[in-house]
Amino acid sequence: MSDLLQLLGSAEIDIEGRMPWSSNATFLVNLVVDGAVEGQGIYKPLRGERPLWDFEPGLHRRELAAYLLSEAMGLGIVPPTIIREGPAGEGSVQWFVQADHQQHYFTIYESRADLHDRLRDFAAFDFVANNTDRKSGHVLIDGDDGLWGIDHGLCFAAEFKLRTVVWEFGGEPLADHLLQAAGRIAASVPLEVAALLNDEEAAAIQERAQW
């Protein structure tokens, strides 16, 4: 994972094109090192954000906060993400997951019972992160059956307003590793996460984890 973060941070960014159906400017980019493409990323510049009444400008910081929270909880469900300068200014750059885009949360849930425990991780993460935008297409499956969550710009509001498609596991007891993950955040929100949000939003993360 550290190698991917280093690549995201040091490679030259070459824009391949704009991603379709995105409300904000979202670009597929090539990560170029010494003239060779070493991978791809998703670049979301601050300059390309549409103003929102309920979120401060800087959704790219929430993309990074989601990655850092996922790592702090030991879940590893958000692709490696950084903030850096790019062709359109500062923005988030996230590793592009080579996924089967015919698959999404509902098809995975219906056909892959062996991945349900992993989907439960998404449910717990979305609750703590207060995800207001977990669409079915925001759950990806790669060629190794790894599951990844994307598009976390609308997370971490101080007001609780969870909006997610992941409801099938409601009412179930939490697995031990999820209780432990929540317990770590309930004790202390990681400083690197809190630094990307305002004080009220950071405090609300801890409150949701305590719930």
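The values are calculated or read from the model by the stated rules, or taken from the named source; none is laboratory data. Small disclaimer: the values here were computed from a predicted structure and weren't measured. Here Cβ is always computed from backbone atoms with ideal geometry, including for glycine, and neighbour counts include all displayed protein chains. To get the accessible areas, we keep the full protein, side chains included, count just its heavy atoms, and leave off ligands, DNA and RNA. Shrake-Rupley method; radii C 1.70, N 1.55, O 1.52, S 1.80 Å.
Structure notes:
- Cα gyration tensor shape for region 157-211, rounded if a/c is under 1.5, else prolate or oblate: oblate
- Reducing region 64-106 and region 131-205 to their Cα centroids gives an inter-centroid distance of 13 Å.
- A value for Rg/Rh (Cα atoms, Kirkwood Rh) was derived from the coordinates, and within the list [x] 1.03; [y] 0.95; [z] 0.97 it appears as [y].
- Within the full protein context, the accessible area of ASP142 is estimated at about 40 Å² for a probe radius of 1.4 Å.
- Heavy-atom accessible surface of region 1-122: percent carbon and sulfur, 1.4 Å: 51
- Each label was represented as a point 7 Å from its Cα along the Cα-to-Cβ direction; for LYS161 and ASP114 these points are 4.0 nm apart.
- Residue-count net charge about VAL97 - beta-carbon cut-off 11 Å; Lys, Arg +1, Asp, Glu -1: -3
- For LEU68, the shell of other residues with beta-carbons less than 11 Å away shows a net charge of -1, using +1 for Lys and Arg and -1 for Asp and Glu.
- Accessible surface, per residue, of the chain when the full set of protein chains is kept, probe 1.4 Å, Å²: 50
- Of interest is the spacing of the C-alpha centroids, which for region 45-59 and region 1-44 amounts to 20 Å.
- Helix-only mean residue ellipticity at 222 nm for the chain, each DSSP H run of n ≥ 4 adding -39500 (n - 2.57), per residue, nearest 500: -10000 deg cm²/dmol
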